[in-house]
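Heads up: the structure comes next, in structure tokens.
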Amino acid sequence: MNAMEQLLQDDLHHLIDRIAATTQVGLVTDCLAQRAELYGRLCEAETRLSTARLALLHGYVAWREALQECGDLWALADLGAEATSAGERRAA
């Protein structure tokens with residue numbers, strides 16, 4: 001599990017703990033039966049939550065790849081500079 005996944009998992013656990021501590025048993029069934037509009041909004045909110053989590057994870061992967069590419073390019077530039085320096089020393 002990468003750092004972003006751990007952070008998101010911790011946030012989700014906090015939400016689940018909060019929900020578990022403040023809701024009654026059977027609330028979902030009651031909400032579905034008596035407050036369909038609220039139940040629909042809960043489903044939409046959970047869908048947005050899942051979509052946002054997935055977007056963050058994809059973004060984090062892109063971030064890690066960009067970090068790797070940047071580091072690799074700097075290392076390549078450094079190798080080129082070393083080769084140029086070594087060539088100048090041999091010519092002298």
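List of remarks:
- Leu32 vs. criteria modelled with pLDDT of 95 or more and more than 22 Å from the chain's Cα centre (by Cα): no
- Checking each residue in region 13-57 for being of a type outside the set (Lys, Arg) and in contact (Cβ under 8 Å) with a residue 40 or more places away in the chain picks out Leu56, Leu57.
The values are calculated or read from the model by the stated rules, or taken from the named source; none is laboratory data. Note that the structure is a prediction, hence the values are computed from the model and not measured. Using ideal geometry, Cβ is built from the backbone for each residue, glycine included, and neighbour counts are taken over all protein chains shown.
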